[in-house]
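The values are calculated or read from the model by the stated rules, or taken from the named source; none is laboratory data. None of these values were measured; they are calculated from a predicted model. Methodologically, a virtual Cβ is constructed for each residue, glycine included, from the backbone with ideal geometry; neighbour enumeration extends over all protein chains shown. Just the protein is used for accessible areas: all its heavy atoms, side chains included, with ligands, DNA and RNA removed. Shrake-Rupley method; radii C 1.70, N 1.55, O 1.52, S 1.80 Å.
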Amino acid sequence: MKQQLPAGYEALEYFVDRWAIKGTANRCRRRGEASPEERVAFFEAVKPILPRALEELDAKPLDQLDDREERLLDLLLSFAHVTHAVEMLGDAEPRHARFRLEMPFNRSSADQWN
């Protein structure tokens with residue numbers, strides 16, 4: 001398998017194709033399409049690695065990230081969406097998903113650097 005993330009993040013490689021996506025609207029849509037089990041698996045894989053990943057990414061300006069680092073950042077941005085579903089909403093996520101259909105995210109400040 002081709003390494004798509006920086007060294008040290010091999011545990012997250014499995015999630016790249018599904019969660020390392022660009023655009024707030026796309027990340028929000030993926031959150032809604034994912035099963036509860038998919039969201040929890042992704043959340044549990046990223047959570048212990050998050051502090052180190054944020055520290056490493058914060059050490060570089062966004063315009064100096066290489067492709068692997070950008071993919072890691074995209075994973076972390078998806079993690080932010082999933083965290084709300086897992087930690088805050090839990091079983092209420094499907095009910096709240098209806099509201100996102102009525103008031104969708106189109107873009108966010110995170111989209112400005114892509």
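Expressed as a whole percent, the accessible surface of region 1-69 that belongs to carbon and sulfur atoms is 53, based on a 1.4 Å probe. Between the listed residues PRO6, LEU76, LEU50, the Cα displaced farthest toward the positive end of the dipole of region 1-89, a dipole computed from Cβ unit charges relative to the Cα centre, is found at LEU76. Compared with the direct C-alpha span, the chain from GLU56 to GLN3 gains 17.3 nm at full extension, assuming 0.36 nm per residue. In this label model, GLN64 and GLU37 are separated by 4.4 nm, measuring between points 7 Å along each Cα→Cβ vector.
Charges were assigned to the Cβ only: +1 to each Lys and Arg, -1 to each Asp and Glu. The resulting dipole of region 1-57 about its Cα centre is roughly 300 debye.
In terms of its C-alpha gyration tensor, region 1-47 has an oblate overall shape, because the principal axis ratio a/c (a ≥ b ≥ c, square roots of the eigenvalues) is not below 1.5 and a/b does not outweigh b/c.
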